[in-house]
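Scroll down for the structure; my scribbles are underneath it.
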Amino acid sequence: GDIVSASTLAMAPLAEERRVVLIAPSASAPAITNAGDYVFRVWPSDLLGGAAAPDWARSVRADKAAILHIANEYGLGLATAFRTRFETAGGRVVSVQSYAQDQTDFRANLIRVKADSPHMVYLVSYYRDAALVLKQAREMGLATKFLGATAVESPDLLTLAGVAAEGLVYPTIVDFDPSNPSARQREFMDEFTAAYGKPPVWASSHAYDAALVIIEAMRSGARTGNEIRSAINSRRVFEGVTGTIRFDDQGDVVDKPVVMKTVRG
């Protein structure tokens with residue numbers, strides 16, 4: 001499967017029609033939960049990260065938030081999850097803006113944010129657009145704190161945004177932490193680096209585990225799409241480089257730990 005939600009959701013009806021198992025490494029849109037019986041993912045739904053972000057915002061007494069999100073299933077899913085939980089917890093969302101996937105100039109969006117005077121901006125993006133937003137916000141003198149989504153995590157974010165990334169906070173799944181690997185993760189990291197000349201990131205480890213689930217199902221004798229699906233559903237629990245992979249009845253992985261990270265220095 002693909003790593004992003006929009007293409008995963010586009011592929012899902014074909015997977016169902018042809019009875020082919022589709023396992024997404026990191027697609028996180030809540031809509032994938034009900035995308036079909038042959039659709040699985042080894043990354044949790046945005047409802048998990050979408051809960052951690054507003055909970056953290058309220059814990060630091062942010063009462064007003066502005067939302068700026070990319071205009072796709074991923075962006076809309078997280079924006080909706082954040083708004084619902086933030087407002088339920090007593091916060092107020094003062095504005096919601098979306099932007100095109102190929103957008104590079106965010107100044108008009110940031111002018112609106114500045115006018116709304118939120119305590120925090122919830123930015124649902126990937127790392128490249130996040131870097132542009134953060135740099136342009138700094139250039140405009142916008143001092144509002146930014147709260148990001150998990151997909152901003154990349155060494156490239158820090159390279160592209162530089163000092164403008166300072167203070168960015170975002171939730172992430174901590175099932176694969178290259179700074180504190182288990183013995184199995186260390187072996188994976190060494191083999192990956194030897195093969196590709198660079199260390200793996202979270203997407204690499206989850207793509208590896210998506211393949212591992214299918215391979216383990218086939219090792220049990222499964223060959224057709226229906227047999228592979230049945231083998232996964234019967235077993236439910238797999239051990240990968242990201243730790244325990246536990247599927248629920250709808251093919252979602254569950255019980256993944258979330259922490260908040262802050263960019264410093």
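At a glance:
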{"read-out": "Selection status of Met140, buried (at least 20 other Cβ atoms within 10 Å of the Cβ), of a type outside the set (Gly, Ala, Ser) and touching a Lys or Arg at 6+ places or on another chain (Cβ under 9 Å)", "value": "no"}
{"read-out": "Failed condition for Thr193, given (1) under 26 Å from the mean Cα position of the chain (by Cα); (2) surrounded by 15 or more Cβ atoms within 10 Å (Cβ to Cβ); (3) not charged (D, E, K, R)", "value": "(2)"}
{"read-out": "Residues being hydroxyl-bearing (Ser, Thr, Tyr) and closer than 30 Å to Gly167 by Cβ - total across the range 207-265", "value": "2"}
{"read-out": "Candidate set: the range 215-226, residues that are assigned to a helix (DSSP H, G or I) and of a type outside the set (D, E, K, R); chosen: the one surrounded by the fewest Cβ atoms within 10 Å (Cβ to Cβ)", "value": "Ile215"}
{"read-out": "Matching residues in the range 232-265 - criterion: being open to solvent by 60 Å² or more (accessible area, probe 1.4 Å), on the phi > 0 side of the Ramachandran plot and modelled with pLDDT of 95 or more", "value": "Arg236"}
{"read-out": "Test: residue in the range 196-205 that is open to solvent by 50 Å² or more (accessible area, probe 1.4 Å), closer than 26 Å to Leu160 by Cα, free of Cβ contacts under 8 Å to residues at least 60 places away in the same chain and assigned to a helix (DSSP H, G or I)", "value": "yes"}
{"read-out": "The range 72-85, residues that are of a type outside the set (Asp, Glu) and either open to solvent by 50 Å² or more (accessible area, probe 1.4 Å) or touching a Lys or Arg at 6+ places or on another chain (Cβ under 7 Å) (or both)", "value": "Leu76, Thr80, Arg83, Thr84, Arg85"}
{"read-out": "Cβ pairs under 6 Å, 6+ apart, first in the range 38-49 and open to solvent by less than 20 Å² (accessible area, probe 1.4 Å), second basic (Lys, Arg)", "value": "Tyr38/Arg229; Pro44/Lys256"}
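Per-residue answers, yes or no, for (1) farther than 30 Å from Lys198 by Cβ; (2) of a type in the set (Gly, Ala, Ser):
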position: Asp105; (1), (2): yes, no
position: Asp116; (1), (2): yes, no
position: Val124; (1), (2): no, no
position: Tyr127; (1), (2): no, no
position: Ala131; (1), (2): no, yes
position: Ala149; (1), (2): no, yes
position: Val152; (1), (2): no, no
position: Leu157; (1), (2): no, no
position: Val163; (1), (2): no, no
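To keep it simple, each residue is scored yes or no on (1) of a type outside the set (A, V, I, L, M); (2) free of Cβ contacts under 8 Å to residues at least 12 places away in the same chain.
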residue	(1), (2)
Arg83	yes, no
Thr88	yes, yes
Tyr99	yes, no
Asn109	yes, no
Lys114	yes, no
Tyr126	yes, no
Arg138	yes, no
Ala143	no, yes
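Yes or no, residue by residue, for (1) of a type in the set (Ser, Thr, Tyr); (2) in contact (Cβ under 8 Å) with a residue 12 or more places away in the chain; (3) over 29 Å from Gly77 (Cβ atoms); (4) in a loop (DSSP other than H, G, I, E, B):
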| residue | (1), (2), (3), (4) |
| --- | --- |
| Asp156 | no, yes, no, no |
| Gly167 | no, yes, no, yes |
| Thr172 | yes, yes, no, no |
| Asn180 | no, no, yes, yes |
| Phe192 | no, yes, yes, no |
| Tyr208 | yes, yes, no, no |
| Val213 | no, yes, no, no |
| Ile228 | no, yes, no, no |
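The values are calculated or read from the model by the stated rules, or taken from the named source; none is laboratory data. Every value quoted in this text rests on a predicted model; they were computed, and no experiment measured them. In this analysis, Cβ positions are derived from the backbone assuming ideal geometry, glycine residues included, and neighbour counts consider all displayed protein chains. These area figures cover heavy atoms from the full protein model, side chains too; ligands, DNA and RNA do not enter into them. Shrake-Rupley method; radii C 1.70, N 1.55, O 1.52, S 1.80 Å.
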